[in-house]
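Undergrad: So that we are looking at the same thing, I have put the structure below in C-alpha cells.
The values are calculated or read from the model by the stated rules, or taken from the named source; none is laboratory data. If you're wondering where the values come from, they're calculated on a predicted model, not measured in any experiment. Here the Cβ is made from the backbone with ideal geometry for all residues, glycine too, and neighbour counts use every protein chain on show.
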C-alpha cells in the first residue's frame, strides 16, 4: 500500500503524521532501533572523551594532546603492550566506573526504548542495533522477564529470543558474571581499520538487511561514522519504502543543526529536531501508545462499556456502545483525519 500522505519530503515536517506512520509500522513489526553513544551518555555512562580520560587516569598517565582515536591507540600500544584482552578489561572498568544500574529507577529514555521492544499485541521492535559497548537495554529487559540475545560477533545462529541486540563494535557487559564480553571491541584505529575487512563486510550485510526491511529509528547517533552512513546509503537504494513511494526509510533525532541533515537524508533518514534527549522518550512512548490505539481499532475492541444498570434512563446504552471499525486500516489513517 502506498502512503500518499508522506510521499513528499515536506510532509515529513508534520510530526504527528510521522508518529502515526511509525506507530502503524510498529503494529506490523517493521520498526528497528539503531542506538549510538548519545543513548549511553543519557543513561549515565561516559562520553567518548570522558572514557578516554578515565583510561589514562586509571593508568596514572596524562592524556596526550592528540586526537582521541590516536590517544586510544597509544593507550593500547604503550600502556597495554598491545594486549587486547587487557585493553578490553580496562575499557570496561572505565565505562562502568561509579555507575550503578537501578532498573526500578530507570531513566525515561531507557524505559521508552524498552517499551518499543517489549512483546505486545500492538507490535514490537525485535531488532536493535547498538553501536555502544554497554548492555543496559538488555539488562533492563531481562529484569522485566524478557529473553534477550546480544550478538557481538559477525557470525550467529538463529534463535527464538524476544529481542536481538546487535553490537557491531563489541560488547562489555555490566555484569561480567552474567554475560560474556566480546572477544574484541572497536575503539582504536587498528580495530576501526579491521572493520573494512571481511568481518566488517559481514556486519554490513547483516545490518544492511535489517535497515532495508524496516522503518528505522536512530537515537544518539551523530552520523560521523562513515561506515554507518555508507551502509545506510546502500540500504536505502534497495529499501522496501521505495516501492511505496516514501522519500525516507526512518527518522533520527538531533538536538542541534549538526550540519549532517543532508548526509542522513542521502541515506533515506529524516531528521527530527529536539531540544534535548529528554524530548526523545515522550516521542517514542507516543509511538507505542498510538500503535496500541491502531491495534485496538483493527480488532474492534471496546475500550469503555456501560450497562443498562449504569444508567437506567438509557436502556439502549449497552447495545449502542461505540465500537471502532474492525476493518480500520492499520497501515494508514483515513485522509479526513491524518493526525
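Undergrad: Take region 255-274 and flag every residue that is at pLDDT 85 or above and over 22 Å from residue 234 (Cβ atoms).
TA: 272, 273, 274
Undergrad: A further question on this structure: Looking for something surrounded by fewer than 21 Cβ atoms within 10 Å (Cβ to Cβ), touching a helix residue (DSSP H, G or I) at 6+ places or on another chain (Cβ under 8 Å) and over 24 Å from residue 271 (Cβ atoms) - is there at least one such residue anywhere in region 15-29?
TA: No - not one qualifying residue is present in region 15-29.
Undergrad: What is the residue count in region 158-174 for residues that are modelled with pLDDT under 95 and more than 18 Å from the chain's Cα centre (by Cα)?
TA: 3
Undergrad: For residue 63, are the conditions met, namely being without any contact (Cβ under 8 Å) to a residue 12 or more places away in the chain and not assigned by TED's automatic domain parsing to the domain that holds residue 270? Write out each step before concluding.
TA: Values: without any contact (Cβ under 8 Å) to a residue 12 or more places away in the chain: yes; not assigned by TED's automatic domain parsing to the domain that holds residue 270: yes.
Criteria met by residue 63.
Undergrad: Taking region 137-153, which residues are farther than 14 Å from residue 113 by Cα, part of a loop (DSSP other than H, G, I, E, B) and out of contact with any strand residue (DSSP E or B) (no Cβ under 9 Å at 6 or more places or on another chain)?
TA: Within region 137-153, 145, 153 meet the criteria.
Undergrad: Also, quick follow-up: From the residues in region 187-196 that are touching a helix residue (DSSP H, G or I) at 6+ places or on another chain (Cβ under 6 Å) and buried (at least 18 other Cβ atoms within 10 Å of the Cβ), which one is nearest to residue 231 (Cα to Cα)?
TA: Within region 187-196, the match that is nearest to residue 231 (Cα to Cα) is 187.
Undergrad: Which members of region 246-277 meet the condition of being part of a helix (DSSP H, G or I) and either without any contact (Cβ under 8 Å) to a residue 12 or more places away in the chain or surrounded by fewer than 22 Cβ atoms within 10 Å (Cβ to Cβ) (or both)?
TA: 261, 262, 263, 265, 266, 277, listed by residue number.
Undergrad: In the same structural domain as residue 220 (by TED's automatic domain parsing), more than 22 Å from residue 161 (Cβ to Cβ), over 15 Å from the mean Cα position of the chain (by Cα) and outside any helix (DSSP H, G or I) - does that describe any residue in region 13-34?
TA: yes
Undergrad: Listed residues 52, 79, 91; which is over 19 Å from the mean Cα position of the chain (by Cα) and farther than 30 Å from residue 280 by Cα?
TA: Numbers: 52 fails: farther than 30 Å from residue 280 by Cα; 91 fails: farther than 30 Å from residue 280 by Cα.
None of the others qualify; the one that does is 79.
Undergrad: Follow-up question, since we're still on this one. Is it true that some residue in region 109-124 is touching a residue at least 40 places away in the same chain (Cβ under 8 Å), within 26 Å of residue 73 (Cβ to Cβ) and assigned by TED's automatic domain parsing to the domain that holds residue 235?
TA: No: zero hits.
Undergrad: Would you confirm whether or not region 152-159 contains a residue that is free of Cβ contacts under 8 Å to residues at least 40 places away in the same chain, buried (at least 20 other Cβ atoms within 10 Å of the Cβ) and assigned by TED's automatic domain parsing to the domain that holds residue 179? I'd like the intermediate steps shown before the answer.
TA: At the first step, the residues of region 152-159 found to be free of Cβ contacts under 8 Å to residues at least 40 places away in the same chain are 152-153, 156-159.
Narrowing the set further to residues that are buried (at least 20 other Cβ atoms within 10 Å of the Cβ) leaves 152.
Applying the additional criterion that residues be assigned by TED's automatic domain parsing to the domain that holds residue 179 yields 152.
So far as region 152-159 goes, yes, one or more of its residues are free of Cβ contacts under 8 Å to residues at least 40 places away in the same chain, buried (at least 20 other Cβ atoms within 10 Å of the Cβ) and assigned by TED's automatic domain parsing to the domain that holds residue 179.
Residue-by-condition table, conditions (1) closer than 24 Å to residue 152 by Cβ; (2) part of a helix (DSSP H, G or I); (3) in contact with a helix residue (DSSP H, G or I) (Cβ under 8 Å, 6 or more places away or on another chain):
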| site | (1), (2), (3) |
| --- | --- |
| 50 | yes, yes, no |
| 70 | no, yes, yes |
| 73 | yes, yes, yes |
| 77 | yes, yes, no |
| 86 | yes, yes, no |
| 92 | yes, yes, no |
| 101 | yes, no, yes |
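Undergrad: Across region 166-199, what is the total count of residues that are without any contact (Cβ under 8 Å) to a residue 40 or more places away in the chain and part of a helix (DSSP H, G or I)?
TA: Residues meeting the conditions: 4.
Undergrad: For residue 250, indicate whether it is within 19 Å of the chain's Cα centre (by Cα) and under 17 Å from residue 14 (Cα atoms).
TA: Yes: the conditions hold for residue 250.
Undergrad: Could you pull out the residue among 222, 243, 213 that is modelled with pLDDT under 95, over 19 Å from residue 15 (Cβ atoms), surrounded by 13 or more Cβ atoms within 10 Å (Cβ to Cβ) and in the same structural domain as residue 192 (by TED's automatic domain parsing)?
TA: Checking each option against the conditions leaves just 222.
Undergrad: As an exercise: evaluate residue 81 against (1) surrounded by fewer than 20 Cβ atoms within 10 Å (Cβ to Cβ); (2) part of a helix (DSSP H, G or I); (3) free of Cβ contacts under 8 Å to residues at least 60 places away in the same chain and give the number of the one condition it does not meet.
TA: Among (1) surrounded by fewer than 20 Cβ atoms within 10 Å (Cβ to Cβ); (2) part of a helix (DSSP H, G or I); (3) free of Cβ contacts under 8 Å to residues at least 60 places away in the same chain, residue 81 violates only (2).
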